[in-house]
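To start, the structure under review is shown below, and the notes come after it.
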Amino acid sequence: MTADLLSRARAGDGDAFREITEPHRRELQVHCYRMLGSLQDAEDVLQDTMLAAWQGLGGYEDRASIRTWLYRIATNRCLNALRDARRRPPREWSAPDVEPPAPTRLGEVVWLQPYPDSLLESPEAHHERTEAITLAFVTALQVLPARQRAVLILREVLGYPAAEVATMLDSTVDSVNSALKRARAALRRPTREPAPAPGSPDEQALVARFVRAYDTGNVEALVALLTADAVLSMPPIPFEYHGRDAVARFLADVAMRQGRTFDLVPTRANGQPAFGVYLRGTDGAHHAHGLDVLTLAGDRICAITHFDADVLGSFGLPRALTGRPDAL
């Protein structure tokens, strides 16, 4: 950024402002998503951040980079959003003709959305670490108190020094270090075998087996792909099914009950394999049923997270398909 560019932006040149801020826009959206767990909320806060930056550019001082200054605004806007937001109630089970098995437990984090990998594929996102965007990590973040969440992300994901984080949050270094210590202790991250590399032959082989089992309605073959401690969840419905047997009961009694067949359209979410799930209708159409995101561990699937069909638009997927899609 040149002094001339900054001067023009301060004088009200919108093109100059966009040239300054656009290189950071995508990573700021990811940051807001980590803080809020919702792509929609992240985009809203990002817009608020850019407006605040535009209005406050006259007060920007060169003691911090533009990137750091924008992160300061975005983080505090996220904290405000978390402070002001009303707690969203879990969504009730909405299939009156189907009685699901009793869940193993109710999830703590139900208002969660997936993040399309297509939004990560940009030069601005090169610094993003795959493990820092996974559903498991983002879910674990949502359980933390808001300021601990902010400190953990700024320090351990983005790598800002404690002194800089203290400035961002109008706090002290001691307070930041204390918050980081508490966040590390509270963060729930189960130890698992590493997932295969994205797009690797191992990942492709496991995903192909999943598709074949799903496509044919073969519950036994699908369950055979799961780890013993696999989890099935379906935010914003709070039901969670823990363990291979519990997941098998839900799949057999509800998701893949007799007469229901599906087609899968591949995509990626949160650095993980994902599928638009379409229910084959008697009218010959394929109706949107939702989005399934797979969490892999070694050569098995350790979690299936099912989201409502409302999220499909963010992945460029339609509400209905005509003809049989190519699953892979």
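Odds and ends about this structure:
- Within the range 291-319, the only residue that satisfies the criterion of being of a type in the set (Ser, Thr, Tyr) and touching a Cys at 6+ places or on another chain (Cβ under 8 Å) is Thr295.
- Just one residue in the set Ala150, Ala162, Ala166, Ala179 is in the same structural domain as Ser38 (by TED's automatic domain parsing), closer than 26 Å to Ala269 by Cβ and among the aliphatic types (A, V, I, L, M); that residue is Ala150.
- Test for Asp48: is it of a type in the set (Asp, Glu), in contact with a Lys or Arg (Cβ under 6 Å, 6 or more places away or on another chain), modelled with pLDDT of 95 or more and closer than 29 Å to Val110 by Cβ: yes
- Test for Arg192: is it buried (at least 16 other Cβ atoms within 10 Å of the Cβ), touching a residue at least 12 places away in the same chain (Cβ under 8 Å) and not in a strand (DSSP E or B): yes
- The criterion of at least 1 residues that are touching a strand residue (DSSP E or B) at 6+ places or on another chain (Cβ under 7 Å) and at pLDDT below 95 is met, among helices (runs of 4 or more DSSP H) falling completely within the range 56-157, by 135-143.
- Taking the range 252-283 as the range and being without any contact (Cβ under 8 Å) to a residue 24 or more places away in the chain and on the phi > 0 side of the Ramachandran plot as the test, only Gly259 passes.
Yes or no, residue by residue, for (1) over 26 Å from Gln148 (Cβ atoms); (2) touching a residue at least 40 places away in the same chain (Cβ under 8 Å):
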| residue | (1), (2) |
| --- | --- |
| Arg26 | no, yes |
| Thr49 | no, no |
| Ile66 | yes, yes |
| Tyr71 | no, yes |
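- Filtered residues of the range 169-181 (kept if of a type outside the set (Gly, Ala, Ser) and within 14 Å of Arg149 (Cα to Cα)): Leu169, Val176, Asn177, Leu180, Lys181
- Complete set of residues in the range 37-92 that are within 20 Å of the chain's Cα centre (by Cα), aliphatic (A, V, I, L, M) and exposed (fewer than 15 other Cβ atoms within 10 Å of the Cβ): Ala85
- Annotation: of all residues in the range 274-324 being under 20 Å from Val254 (Cβ atoms) and of a type in the set (Asp, Glu), the one that is surrounded by the fewest Cβ atoms within 10 Å (Cβ to Cβ) is Asp310.
- Restricting Asp245, Asp292, Asp310 to residues that are within 16 Å of the chain's Cα centre (by Cα) and without any contact (Cβ under 8 Å) to a residue 12 or more places away in the chain narrows the list to Asp310.
- Of the residues making up the range 244-262, just one is in contact with a Leu (Cβ under 9 Å, 6 or more places away or on another chain), of a type outside the set (A, V, I, L, M, F, W, C) and at pLDDT 95 or above, namely Arg244.
- Qualifying residue in the range 221-240 (condition: crowded, with 19+ Cβ neighbours inside 10 Å, at pLDDT 95 or above and either more than 26 Å from Arg192 (Cβ to Cβ) or hydroxyl-bearing (Ser, Thr, Tyr) (or both)): yes
- Within the range 88-113, residues that are touching a residue at least 40 places away in the same chain (Cβ under 8 Å) reach partners that are among the charged types (D, E, K, R) with beta carbons closer than 6 Å, at six or more positions or on different chains, in the pairs Pro101/Arg249; Pro101/Asp253; Pro103/Glu240; Thr104/Glu240; Arg105/Glu240; Gly107/Glu240; Trp111/Arg88.
The values are calculated or read from the model by the stated rules, or taken from the named source; none is laboratory data. What you are looking at is a predicted structure, and each value in this text was computed from that prediction instead of being measured. Because the Cβ atoms are built from the backbone with ideal geometry, glycine has one as well, and the counts that use them run over all protein chains shown.
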